[in-house]
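The values are calculated or read from the model by the stated rules, or taken from the named source; none is laboratory data. Being a predicted model, the structure only gives us computed values, none of them experimental. Reconstructed Cβ throughout: ideal geometry from the backbone, glycine too, with neighbour counts over all protein chains shown. SASA here: full protein model, heavy atoms, side chains in, ligands and nucleic acids out. Shrake-Rupley method; radii C 1.70, N 1.55, O 1.52, S 1.80 Å.
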Amino acid sequence: MTEHPTERTAPTTDLRVDRTAWRREQLADLLRFGEASLRADGAAQWLDDDGRPDLSRPVHTWITARMAHVYAFASLLGVPGAGERADAALHGLRAVLVDAANGGWVASRGPAPRPGDGHDPAAGETEPVDGTKSAYAHAFVVLAAASGTIAGREGARDLLDAALAVLDERFWEPGPRMHADEWSRDWSVLDEYRGVNANMHSVEALLAAHDATGDPEWLERAVSIADRVIGWARDNAWRIPEHFDAGWNPLPDYNADRPRDPFKPYGSTPGHGLEWSRLLLQVDVAAGTPGARTDAAVALFDRAVADGWDGEHGGGFVYTVDWSGAPVEPRRYHWVAAEAVAAADVLGRVTGDARFGDAAAGWWEWVDRYLVDHERGSWHHELDTANRPDGVTWVGKPDVYHAAQAVILPDLPLTGSLAASAKAAGSILG
């Protein structure tokens, strides 16, 4: 795999003249940038701001799975070399991050020991392992395997069957029809915390699994999770409660002392409102229920934009707000903007309302001005409140998942999953 990023140049296309060409240049840039993450064994390294693997960090299951997913759908669009990179990342999931002894997938492995650090393989020592079994990571393994299956990648269907079995047997709770969040490595201890974030990505993964297998059970689960979240959001002024106890009772003050937590922050997360807005419309397409969840999708979108868009300080979406909508963590994360333009695109198509397209057009200008790193590639993952690159929570540029989906989604037909949409579009980038 490529070990050093390709020298960067600014895009040659003005997005104000041809936004489609600009977005496709962005996808090509993101895919080139991501190449350096893949080790020889397929596990994906965290990338720094220059696109170099950060060897001080472990390889994560969620990053490796995201890269497998991105290159799988890129292969369906005809991107040269994308299939081979998808294969590599899928191998990384099967051979490096799988927990052969206990089943499922570990959270991460590494960082790899270096010469002279006292590591002695002959003494039976191994690299550090975070053996936490999280629904979040397992959902991304399902997504990667489902996208690989849709793309016809070798071994992907076997991986999908195995990942779905773990998600079903270990995380799915039939009573509430939601997923538990986290187990110990040997599956002996189930954490009492329950969360919506892992279930949101499980919806994304289950929709892809339904597209890959045709099994209606995965679609039914995605529908039931989505409808449960709609109910919680509707009862809470369309701000989604994110954190719950084991009985699925809301914990509104959870992590009040950790407003910058990357996965479980305190308060309401506008970016998740935007992400759910898009997913609800994909649920409707997959379920054949057009319009059933459109009102909820619009309400989530409008609340997220009203709470999140900081027009008084140069634009950008804040990360979190409290339950009255006041900013808690005002820094800007790239994934929130990516989900904003994706949601606006899908809502514009479904509703025919021009205001969504107008919003997306303005946000793309903001993305190009502040998030796209025209010199070094990819998007800055975090900005300060003056829209300057500044990594506090997100250091470097770990992966390209959110940005890659956002830039290509407007060119694809709307289906339940990105991979199915890419397959329907065909080799438009070949």
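Net charge around E217, counting only other residues with Cβ within less than 14 Å of its Cβ (Lys, Arg = +1; Asp, Glu = -1)? Mind dumping the intermediate values first?
On the way: positive: R177, R221; negative: D161, D168, E169, D211, D215, E220.
The answer is -4.
Using the Cα gyration tensor of the chain, with a ≥ b ≥ c the square roots of its eigenvalues, what is the shape: rounded (a/c below 1.5), prolate (a/b larger than b/c) or oblate (neither)? Rounded is the answer for the chain, as its axis ratio a/c remains below 1.5. For a paramagnetic label modelled on D390 (point 7 Å from Cα along Cα→Cβ), amide N atoms under 16 Å away belong, within segment 250-275, to 260.
Placing dummy labels 7 Å off each Cα toward the beta-carbon, the span from L190 to R177 is 1.8 nm.
Any chance you could run the full-extension gain for T20 through D253? It's 0.36 nm times the residue separation minus the Cα-Cα distance, nm to one decimal.
Working: separation 233, 0.36 × 233 = 83.88 nm, distance 4.25 nm.
Stretched out fully, the T20 to D253 stretch lengthens by 79.6 nm.
The residues D130, D411, D373, sorted by heavy-atom accessible surface at 1.4 Å with ligands and nucleic acids left out, run D130, D411, D373 from largest to smallest.
Exposed loop sites were defined as GluC sites (Glu not before Pro) in DSSP loop states (anything but H, G, I, E or B) carrying at most 12 other C-beta atoms within 10 Å; in the chain the longest segment without such a site runs 193-374. Among complete DSSP H helices in the chain, those whose alpha-carbon atoms stretch at least 18 Å along the helix's long axis and whose mean Kyte-Doolittle hydropathy reaches -0.5 are 61-76, 82-95, 135-150, 196-213, 216-234, 270-287, 294-308, 334-351, 354-366. From its DSSP helices (H runs of at least four residues, each -39,500 (n - 2.57)), the chain gives a residue-normalised ellipticity at 222 nm of -14500 deg cm²/dmol.
Could you please state how large a percent of the accessible area of the chain is carbon and sulfur, counting protein chains only and using a 1.4 Å probe?
On the way: 7790 of 15940 Å².
Here carbon and sulfur together make up 49 percent of the probe-accessible area.
In this simple spin-label approximation, A424 and A237 carry label points 7 Å from Cα along the Cα→Cβ vector, and these lie 3.7 nm apart. Here the gap between A246 and A95, fully extended at 0.36 nm per residue and compared with their Cα-Cα distance, gives a gain of 51.1 nm.
At a probe radius of 1.4 angstrom, the accessible area of segment 203-279 per residue rounds to 36 square angstrom.
From the protein chains alone at 1.4 Å, what is the descending order of accessible area for W363, W183, largest first?
Working: W363 25, W183 45 Å².
The ranking, largest first, comes out as W183, W363.
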